[in-house]
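Beneath this line is the structure, given in structure tokens, with notes to follow.
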Amino acid sequence: MATQVIKSDCIMCINSCGINAYVEDGKLVKVEGMKEHPISLGELCPRGAALPQWVYSEDRLTHPMRKKTDGGWERISWDTALDTVAQKFQEIKDKYGAKALAVYTGSLGTENIELAAFAQRFRGVYGTPNLLSVEGNCFRSRIMARQMTFGGYPIEEPWNAKCIIVFGQNMDNSRITVGRKIYKAMDAGTLKHVIIVDPKKIPMAERGMHIQIRPGTDTALCLGMLNVIIGENLYDKEFVEKNCIGFDKLTEHVKQYTPEKMSEITWVPADDIRRIARLFATVKPAALVPGTCSIDQHINGFQGNRVHAILQAITGNMDIPGGWVNIPFIRLGDMRVTEISDPIGTDEHPLFRRFWGRTSPYGQQMLFADAVLKGKPYPIKGLICTGGNPAVTLPDSERIKEAIKALDFVVVSELFMTETAALADIVLPACSFLEKGGVGYVYGVTNCIPYAMLRKKVIEPIGECWPDWKIWTEIGRRMGYGKFFPWNTEEEIIDFFLKPSGLNREQLSKDHPEGAYYTELKYEQPKRYNTPSGKIELYSQTLAENGYDPMPRPVEPSKSPISTPEIYSKYPVILTTGARIPEYTHTQMRGVPYVHNTAPEPLAEIHPETAAKYGIADGDMMTVETTKGKITMKTKTTEALVRGVLSIPHGWAKANANRLTELEPRDPVTGYTEMKALLCRIAKAA
Ligand SMILES: Nc1nc2c(c(=O)[nH]1)N[C@H]1C(S)=C(S)[C@@H](COP(=O)(O)OP(=O)(O)OC[C@H]3O[C@@H](n4cnc5c(=O)[nH]c(N)nc54)[C@H](O)[C@@H]3O)O[C@H]1N2
Ligand SMILES: Nc1nc2c(c(=O)[nH]1)N[C@H]1C(S)=C(S)[C@@H](COP(=O)(O)OP(=O)(O)OC[C@H]3O[C@@H](n4cnc5c(=O)[nH]c(N)nc54)[C@H](O)[C@@H]3O)O[C@H]1N2
Ligand code: SF4
Ligand SMILES: [Mo]
């Protein structure tokens, strides 16, 4: 039997590890890490190894389906499915206007650029501004905060640093690629100081200094560091004078945030705040490494990202190896179509939509339920959801489900009958990334590696599954938008994307199956920063003019021991959600034996003494209740977690963390909601 080894990449999560896919008689039999892949260096997590079981899961959707009036499903042809979708979308447009259709792309809408690009093209041609995506609670906050400070998006390069501070990221579980490079640099002795700011003593903290923080107080910690660094004259004077504006105002502003005061807020001893501040300011190069969403999902998350940018700037750790680096982005073919109006969320969070004339394509998904259920600011009547499972992953999942149920028409393109797909009128079976080709580059660019590769098709589509591009194209053509969807093959699409980049398909396929660098990193200081002042804006006039804090302040979570002592007396445990585990990506892979065997159920982590206070022991089922809702999970006691805090995973439909979270309050700048620092009460389940 001939075995073929196909070099591709895995996009089961944002790490995009290089893989060697072993195919026998057209069937994927094994996946290995690709050693020569410059990002993942041969690393592969359990989900990567589980891909064959996942892709051939018995419960894969294999043909289009329509919901019957009795709630059951009937099999229909692609023609019937697409004709129905096109007709319903046209009805919505005729009756309510194009903006009444929401286009939702989930986590796959970031890793899978074809999916994201085609969704953008369709919504542009159809004319709805309401493109909603995980950008409304995941990565965009940091991008905005860095843009607002530097005029661009410089990215950390921790493996070349001598000192790093990791805020809320357990790389062994969520970012193995960067984790591996950091461990290598520690082994080589080049990376000398690793500081982990986390309520939990995660594995990387065993090899460095652990700062055990109260969830939701990272901004206060950083302000304490600024107080020390500026107060003790440890900042990079030359860099600040040459490149920054607002330093005088910053100096005055941070005087109030003494380590002693910040210690009361953060639970971090004042001397530790001093120590890490001095280390960070005096060991160069140094980089702050924020978690991918743990700093963001707070009502002060945007300012949490701003204070990182300020610390990075005043210590002069910009555009040097091991600092934060402005990397040239690849230029790819652009499928966007000119936009006509603003999406939902623009009134509430105008900067999330645009600043300095730069517009983001996304609406704020946290306003979706209000639009549907209250018609605010106008009614949304239809939804097409692709590559996401918002009925589980969005906050206040019950209200999200209620909103999806209230829509006139819902279509979901999926691999599985997820909780969201179950609410649809039409379900379209989509190919997994293994069944289609594409361009892989997002992970490089988000990790300071100017690199791209071909994502090679590994196997033929399962059943009647279609790649996302074909689904969008065929809906578009049926609606009379054919000229906007001229592509007929995957090759044509890949060529379209690669054309402006300087790379081409032939070259990537034959010469560089492991991928290729599209440029060199030059570590050049910009002559002029792309901000209104041309400088790094420590004080942001833009924020001030829009009614926001021009410089970060410590803002308590909406419910906390300090902001709401009366609620704290009834809900006396601090709750953080969504720490990643290696077995799953969000709601995905739950039915796959290879990973299910090691993680059969969700585990609520808590210090044994805190558990004992409420009569709970390791292995007990516990109820977790917030002012919003209640779920039950198995207890896992661990001394690694700070006392008084409970950490639960997300993505489990039956014990869904998002029954406990809420759509309000939101970060005033970005509209992100609170997922990392809530209050709850716990009890042993009967
Ligand atoms: N295995 C796996 N990997 C993934 C994903 C997945 O679902 N599974 N999802 C991907 C995606 S989309 C994302 S956004 C990223 C998420 O990645 P990150 O946001 O980097 O999250 P984690 O690596 O899970 O680390 C979260 C850590 O933050 C700590 N923490 C909790 N609250 C706070 C806080 O308020 N302050 C601080 N300092 N620490 C806190 C937790 O104890 C935990 O150790 O992971 C990506 N990688
Ligand atoms: N409480 C709490 N909630 C959270 C978080 C948290 O930390 N705490 N984290 C948030 C974050 S950071 C994120 S990014 C979101 C993620 O939220 P989602 O993106 O909604 O989560 P996933 O489960 O990854 O959903 C992806 C879906 O796409 C399907 N799919 C896979 N491949 C394809 C494909 O090629 N085409 C199509 N059409 N479908 C495909 C999968 O089967 C899966 O159902 O969750 C958020 N929710
Ligand atoms: S970390 Fe795992 S799931 Fe994520 S890309 Fe790598 S192998 Fe795939
Ligand atoms: Mo995310």
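Screening the candidates THR292, THR282 for the property of being within 16 Å of ligand 2 (Cβ to nearest atom) and either surrounded by fewer than 24 Cβ atoms within 10 Å (Cβ to Cβ) or not assigned by TED's automatic domain parsing to the domain that holds ASN227 (or both) yields one hit, THR292. Screening segment 169-268 for helices (runs of 4 or more DSSP H) wholly inside it with 1 or more residues that are within 10 Å of ligand 1 (Cβ to nearest atom), within 24 Å of the chain's Cα centre (by Cα) and over 30 Å from GLU36 (Cβ atoms) returns the ranges 218-231. Elements of the type helices (runs of 4 or more DSSP H) sitting completely within segment 291-408 and holding at least 3 residues that are modelled with pLDDT of 95 or more and in contact with a helix residue (DSSP H, G or I) (Cβ under 9 Å, 6 or more places away or on another chain): these cover 301-314, 368-374, 390-393, 397-406. Within segment 354-384, the set of residues being basic (Lys, Arg) and over 18 Å from LEU663 (Cα atoms) comprises ARG354, ARG358, LYS381. Listed here are the strands (runs of 3 or more DSSP E) enclosed by segment 620-686 that have at least 2 residues being modelled with pLDDT under 95 and within 16 Å of ligand 3 (Cβ to nearest atom), and there are none.
Applying the set (1) within 12 Å of ligand 2 (Cβ to nearest atom); (2) over 23 Å from MET366 (Cβ atoms); (3) at pLDDT 95 or above to GLY463 leaves exactly one unmet item: (1). Would you check if GLN147 is away from ligand 1 (no atom under 16 Å from the Cβ), within 30 Å of ASN546 (Cα to Cα) and not assigned by TED's automatic domain parsing to the domain that holds TYR672? The answer is yes for GLN147. If you filter segment 629-651 down to residues that are within 24 Å of ALA686 (Cβ to Cβ) and within 10 Å of ligand 2 (Cβ to nearest atom), you find that the one that is farthest from the chain's Cα centre (by Cα) is ILE648. Residue check: is ARG66 within 16 Å of ligand 1 (Cβ to nearest atom), of a type in the set (Lys, Arg) and either in contact with a strand residue (DSSP E or B) (Cβ under 9 Å, 6 or more places away or on another chain) or not assigned by TED's automatic domain parsing to the domain that holds SER413 (or both)? In short, no.
Each row is one residue, and each column tells you yes or no for (1) more than 16 Å from ligand 2 (Cβ to nearest atom); (2) of a type in the set (A, V, I, L, M); (3) touching an Asp or Glu at 6+ places or on another chain (Cβ under 6 Å).
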residue: VAL134; (1), (2), (3): no, yes, no
residue: PRO154; (1), (2), (3): yes, no, no
residue: PHE167; (1), (2), (3): no, no, yes
residue: ARG214; (1), (2), (3): yes, no, no
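The single condition among (1) in a helix (DSSP H, G or I); (2) within 16 Å of ligand 1 (Cβ to nearest atom); (3) of a type in the set (Phe, Trp, Tyr) that TYR104 does not satisfy is (1). In segment 536-558, the residues that are farther than 29 Å from GLU238 by Cα reach residues that are crowded, with 16+ Cβ neighbours inside 10 Å and among the acidic types (Asp, Glu) with C-beta atoms within less than 8 angstrom, at least six apart or across chains, in these pairs: PRO557/GLU674; SER558/GLU674.
The combined condition, being of a type in the set (Gly, Ala, Ser) and surrounded by 24 or more Cβ atoms within 10 Å (Cβ to Cβ), is not fulfilled by ALA205. If I go through segment 107-127 residue by residue, how many of them are away from ligand 1 (no atom under 16 Å from the Cβ) and either assigned to a helix (DSSP H, G or I) or under 30 Å from GLY444 (Cβ atoms) (or both)? So the count comes out to 11.
Regarding ILE196, is this residue aliphatic (A, V, I, L, M) and crowded, with 24+ Cβ neighbours inside 10 Å? In short, yes. The residues on offer are PRO554, PRO572, PRO593, and the sole one that is away from ligand 2 (no atom under 16 Å from the Cβ) and within 28 Å of THR149 (Cβ to Cβ) is PRO554.
Scanning segment 1-29 for residues that are part of a strand (DSSP E or B) and surrounded by 15 or more Cβ atoms within 10 Å (Cβ to Cβ) yields a total of 11. Residue-level check: of (1) surrounded by 16 or more Cβ atoms within 10 Å (Cβ to Cβ); (2) away from ligand 4 (no atom under 16 Å from the Cβ), THR576 misses just (2). I need the full set of residues from segment 30-46 which are outside any loop (DSSP other than H, G, I, E, B) and among the charged types (D, E, K, R), in order please. Residues satisfying the conditions are LYS30, GLU32. Return yes when THR446 is polar (S, T, N, Q), surrounded by fewer than 23 Cβ atoms within 10 Å (Cβ to Cβ) and either free of Cβ contacts under 8 Å to residues at least 12 places away in the same chain or under 30 Å from LEU288 (Cβ atoms) (or both) and no when it is not. In short, yes.
The values are calculated or read from the model by the stated rules, or taken from the named source; none is laboratory data. This is a predicted model, so every value here is computed, not measured. Using ideal geometry, Cβ is built from the backbone for each residue, glycine included, and neighbour counts are taken over all protein chains shown.
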